[in-house]
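Worksheet: the structure to be examined is printed underneath.
Read-outs throughout are calculated quantities, based only on the coordinates presented, and are distinct from any laboratory measurement. The structure presented is a predicted model; accordingly, all values stated were derived computationally and were not measured. Heads up, the Cβs are rebuilt from the backbone with ideal geometry, glycines too, and the neighbour counts pull from every protein chain shown.
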Amino acid sequence: MYVPHFNSMPDRRELQALVQAVGTAQLVTVGRDGYPLATLLPVIWDDDRLVFHLARANQHWKAIVPDSPALAVVTGAEGYISPSWYATKAEHGKVVPTWNYSAVEFRGRVTVHEDPGWLRDAVTRLTDLHEEARAERWLVTDAPEDYVRKQLRAIVGVEMLVERVEGKAKLSQNRSDEDRTGVIDGLRREGGGREHALADAMAAELDR
């Protein structure tokens, strides 16, 4: 991933917060035939590993060679940036469109897991992670045991042992404060939910 120094995200806590907020990652692997496969999956970042699961009917997992290299990409808020929003447009007109976004890339090696105990732990942790903020939390144990066992047979797990993590926040840090404020206002005025989330990320970066 190309990361200019002003777009770098060196704070691991910031990366973890982004991954948890997004909750999914594109898992990209290459099978023995040399062709890449990608699947968007729910993800848990657990210290030096990522934990995924996918439907057994998804043929992606069968193409994963044990301990083979893989890439996982988590993408945060993103959106089109109109040059009309820059304050400097009125000064000299030397502005062009761009695309702002935040992303975290993981590189490492992946292994498939079919053990029911491993899978139960993975889905329990994932459920607890997303239910913890709810007033009436749903637990895996709320479902009948026979039903849970049946559902576990319909999935497989994938574990990535992380070798490298890199984050990038392209949030107009190379522009003046006036330009950045103009972009934030433009996103909030003209955009929808995605653009509003991007504006919030830009505002937080600007306040640092």
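Points worth noting:
- Relative to the longest principal axis of the Cα atoms of the chain, the long axis of helix 116-131 makes an angle of roughly 40 degrees.
- Residues of the chain were split at every exposed loop site, defined as GluC sites (Glu not before Pro) in a DSSP loop with at most 15 other C-beta atoms within 10 angstrom, and the longest piece left, sites excluded, is 1-90.
- Rounded to the nearest whole angstrom, the semi-axes of the ellipsoid equivalent to the chain, taken from the Cα gyration tensor as √(5λ), stand at 38, 20, 14, largest first.
- Residues Lys62, Lys170, sorted so that the one with the fewest Cβ neighbours within 10 Å comes first: Lys62, Lys170
- Between helix 177-190 and the chain there is an angle of about 60 degrees, using the helix long axis and the longest principal axis of the Cα atoms.
- For a straight C-alpha distance cut-off of 28 angstrom, the lysines reachable from Lys62 (same-chain residues fewer than eight places away being disregarded) are Lys150.
- Using the rule -39500 (n - 2.57) for each DSSP H run of four or more residues, divided by the residues of the chain, the 222 nm mean residue ellipticity is -9500 deg cm²/dmol.
- Selection from Ala63, Val95, Tyr147 lying farthest towards where the dipole of the chain points positive, charges on Cβ: Ala63
- A straight chain from Trp99 to Ala57 at 0.36 nm per residue would run longer than the Cα-Cα distance by 11.6 nm.
- Put in line by how crowded their Cβ is, counting other Cβ atoms within 10 Å and starting with the fewest, Leu171, Leu15 read Leu15, Leu171.
- Start at zero, step by 5 Å, and the Cα-Cα distances of the range 87-154 spread as 3, 11, 14, 12, 12, 9, 8, 5, 5, 5, 6, 5, 3, 1 percent across the bins.
- Around the Cα centre of the range 99-172, unit charges on the Cβ atoms of Lys, Arg, Asp and Glu (plus for the first two, minus for the last two) sum to a dipole of about 360 debye.
- Using Cβ point charges alone (K and R +1, D and E -1), the dipole size of the chain about the Cα centre works out to roughly 540 debye.
- Selected from Val158, Val96, Val73 as most flexible by GNM, with the chain as the system and alpha-carbon contacts under 10 Å: Val96
- Inter-part distance where the range 45-59 and the range 165-181 are each reduced to a Cα centre, Å: 31 Å
- Shown is the FRET efficiency for Ala90 and Val22, computed with R0 = 35 Å from the Cβ-Cβ distance and rounded to the nearest 0.05: 0.45.
- Given charges at beta-carbon only (K, R positive; D, E negative), |dipole| of the range 22-84 in Debye: 280 debye
- The chain: relative contact order as a whole-number percent, Cα under 8 Å and 6+ apart: 26 percent
- Residues Met1, Met9, Met202 arranged by fewest to most Cβ contacts within 10 Å: Met1, Met9, Met202
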